[in-house]
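Before any comments, here is the structure.
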Amino acid sequence: IQPPVDYHVMRVALRLGLVSIDDPCLNEKLRQRRPVSAEEDATIRQRIQSALHRLITKHRVDLFNLDSALWMVGRNCCLKDSPVCQYEQCTRAGICTLVDALNYTCKLRCPFADYCSGAMDDEFRSLTETNFSSIYY
């Protein structure tokens, strides 16, 4: 079973720096939220899926737990327009589903903030999921 890569997981993986986008044109499309082709979308998803699979295999991480953690962070902390990283204070206290779902003691910032490329670098933080229209979302 391969890890699922929805748009929340994609955004978190890109900002964490789990994969890099070497194509400057595609990198700029992501930063400016311009539409990407089906091939570009599939390529990014596949690269993230491969990176997550390596994490699962190398560190014996449970697929469900990894997906849940990345998805919850994407839904609650690593928001598209206003990620809660190192320096921004969380405004979702009391409504955050990450706290209960992962039994996480919230520090009013992203749990990945200490080692996330996006938390430390504006360029990474500006990355977001692909702007791709499909019948799935």
Inset, instruction - Could you state how much accessible area residue 114 has, in square angstrom rounded to the nearest 10, with a 1.4 Å probe and all protein chains kept in place? - result: 100
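How many percent of all Cα-Cα pairs in the range 45-88 sit more than 13 Å apart? Mind dumping the intermediate values first?
Working: 585 of 946 pairs.
The answer is 62 percent, as a whole percent.
Hey, any idea what % of the chain's accessible area is carbon plus sulfur with a 1.4 Å probe?
Details: 4310 of 8100 Å².
Ligands and nucleic acids excluded, carbon and sulfur give 53 percent.
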Inset, instruction - Tabulate in residue order the Karplus-calculated ³J(HN,Hα) for the range 14-31, using 6.51 cos²θ - 1.76 cosθ + 1.60 with θ = phi - 60°, rounded to whole Hz; enter x for Gly and Pro. - result: 5, 5, 5, x, 5, 9, 10, 9, 7, 6, x, 5, 5, 4, 5, 4, 5, 5
Legend entry - Amide H partners (placed H, <5 Å) of residue 131, local residues excluded: 36
Inset, instruction - Give me the accessible area of residue 128, 1.4 Å probe, in Å² rounded to the nearest 10. - result: 0
Legend entry - Degrees between helix 38-59 axis and first principal axis of the chain (Cα, 0 to 90, nearest 10): 50
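Enter the per residue convex hull volume of the chain, computed from alpha-carbon coordinates, in Å³ rounded to the nearest integer.
Details: hull volume 16.0 nm³, N = 137.
Expressed per residue, the convex hull around the Cα atoms of the chain is 117 Å³.
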Inset, instruction - Work out how far the C-alpha atoms of the range 82-137 reach from end to end along every principal axis, then list the three figures in whole Å, largest first. - result: 36, 27, 18
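How much mean residue ellipticity at 222 nm does the chain get from its helices, if each DSSP H run of length 4 or more adds -39500 (n - 2.57) and you divide by all residues, to the nearest 500 deg cm²/dmol? Kindly include the intermediate steps, with their values, before the conclusion.
Numbers: 7 runs with 68 residues, N = 137.
The helix-only estimate for the chain comes to -14500 deg cm²/dmol at 222 nm.
Using a 1.4 angstrom probe with every protein chain in place, what is the largest-first accessible-area order of 104, 7?
Values: 104 50, 7 90 Å².
Ranked list, largest accessible area first: 7, 104.
Keeping every protein chain in place, order 66, 30, 108 by accessible area at 1.4 Å, biggest value first, i.e. largest first. Walk me through the numbers before you get to the answer.
Values: 66 30, 30 0, 108 60 Å².
Largest accessible area first, the residues go 108, 66, 30.
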Legend entry - Ranked order, 72, 10 - accessible area, probe 1.4 Å, largest first: 72, 10
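One-quarter of the Cα convex hull surface for the range 2-68, in nm²?
Values: hull surface 17.9 nm².
Over all viewing directions, the range 2-68 projects a mean Cα-hull area of 4.5 nm².
Could you calculate the FRET efficiency of residue 63 with residue 103 from 1/(1 + (r/R0)^6), where r is the beta carbon distance between them and R0 is 30 Å, rounded to 0.05?
Numbers: r = 19 Å, r/R0 = 0.62.
Calculated transfer efficiency: 0.95.
Excluding ligands, DNA and RNA, what is the solvent-accessible area per residue of the range 18-62 at a probe of 1.4 Å, expressed in Å²? Don't skip to the end; give the middle numbers.
Details: 2880 Å² over 45 residues.
With the other protein chains kept in place, the range 18-62 gives 64 Å² per residue.
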Legend entry - Degrees, to the nearest 10: 63-76 long Cα axis against longest axis of the chain: 80
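The values are calculated or read from the model by the stated rules, or taken from the named source; none is laboratory data. The structure presented is a predicted model; accordingly, all values stated were derived computationally and were not measured. Positions of Cβ are backbone-derived with ideal geometry, glycine not excepted, and every protein chain shown enters the neighbour counts. Heavy atoms of the whole protein, side chains included, go into the accessibility calculation; ligands, DNA and RNA do not. Shrake-Rupley method; radii C 1.70, N 1.55, O 1.52, S 1.80 Å.
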